[in-house]
Amino acid sequence: MEEAINFLKGFHFTNAIWVLTIPVILMTLDVLTGYLNAWVKSEVRSCRMREGLVKKFGEIVILVIGKLFEFGLALPTYIMNLISLYEVLMELVSITVNLNKMGVPIPKLFKKEIGDLTETIQNE
């Protein structure tokens, strides 16, 4: 556990703006790949799109609150980096799942890990 904390304390983005920008860009790519996948399969549903956009908005709110707390409460930078890193990993998993559904070749080992991780997240 101490190694993980030390890693997080040493982990940083090249610029403070990337803490918010990278997750938002990945969220946009996730929405686009999800929509394209549904569109190609003629499964576009407005209620599902609304639910997804509300979820993405909530994730952005979490990032903004984290940044506000970092500045307003003088929290250590690594806490916000952890929040952002978590969002980035979530979006990468989701984009990979969308790409897999679209037929983009994904290595089997990676597919298995993504499947296990997705199942764990859904169960929690």
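Annotations for the structure displayed:
- For segment 53-98, a/c is not less than 1.5, where a ≥ b ≥ c are the root eigenvalues of the C-alpha gyration tensor, and a/b does not top b/c. That puts it in the oblate class.
- Our compactness index for segment 1-94, the C-alpha radius of gyration over the empirical 2.2 N^0.38 Å, is 1.26.
- DSSP-loop GluC sites (Glu not before Pro) across segment 2-102, with at most 13 other Cβ within 10 angstrom: Glu43
- Loop-located trypsin sites (Lys or Arg not before Pro) across segment 15-119 with a Cβ neighbour count of 12 or fewer within 10 Å are Lys41, Arg45, with loop assigned by DSSP.
Any read-out appearing in this document is the output of simple, stated calculations on the displayed coordinates, not a laboratory observation. Just so you know, these numbers come straight off a predicted model, no measurement behind them. Heads up, the Cβs are rebuilt from the backbone with ideal geometry, glycines too, and the neighbour counts pull from every protein chain shown.
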